[in-house]
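A.B. asks: First the structure, which I've put down as structure tokens, then a few questions once you've had a look.
Throughout, read-outs are computed from the coordinates displayed, never taken from laboratory work. This structure is a prediction, so every number in the text was calculated from the model and none was measured. Here the Cβ is made from the backbone with ideal geometry for all residues, glycine too, and neighbour counts use every protein chain on show.
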Amino acid sequence: MIKIVPESKKNVLIAKAEGKLTNRDYTEILIPRLEFIINNYGKARLLLDMGDQFQGWQASALWDDTRFGLTHKNSFEKMGVIGGPIWIDWGMKIISLMISGEIKSFPIKDRQKAMDWIVT
């Protein structure tokens, strides 16, 4: 499940991932919010918090994530993740080769640092 956190404002979207992310999380929550931001502000700043409750993706959800990112590769000013599986750091490095914006990953202990980074 994806929850949009209250600190999300203007072109900043901060989402908390809990449990296993589904296709529905992307098609009904995350993608519509990102499309709204891109259409109204030009570029989005996305921070996905994959803290202690995150359990991975359904294959269709991971594909939605990848497809949206590649389709909108020039639509992100900043993109970051907090926590998540160990391979997320490598994934973010690969994404940084395809996305024009600034890409960072943060350990869970640096959650506040990530929140400050996404808004500045």
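A.B. asks: What residue, among those in the stretch 6-20 that are of a type outside the set (Gly, Ala, Ser) and within 12 Å of the chain's Cα centre (by Cα), is farthest from Ile86 (Cα to Cα)?
C.D. replies: Val12
A.B. asks: While we're looking at this one, here's another question. Within the group Lys78, Lys43, which residue is surrounded by fewer than 18 Cβ atoms within 10 Å (Cβ to Cβ), in contact (Cβ under 8 Å) with a residue 24 or more places away in the chain and under 14 Å from the mean Cα position of the chain (by Cα)?
C.D. replies: From the options Lys78, Lys43, the qualifying one is Lys43.
A.B. asks: So the check is Cβ under 6 Å with 6+ separation or different chains; which pairs have a first residue in the stretch 1-23 that's surrounded by 13 or more Cβ atoms within 10 Å (Cβ to Cβ) and a second one that's of a type in the set (Gly, Ala, Ser) and assigned to a loop (DSSP other than H, G, I, E, B)?
C.D. replies: Ile14/Ser8
A.B. asks: When you check Ile108 against the structure, is it in contact with a strand residue (DSSP E or B) (Cβ under 9 Å, 6 or more places away or on another chain) and either crowded, with 21+ Cβ neighbours inside 10 Å or among the small types (Gly, Ala, Ser) (or both), yes or no?
C.D. replies: So Ile108 does not fit the description; no.
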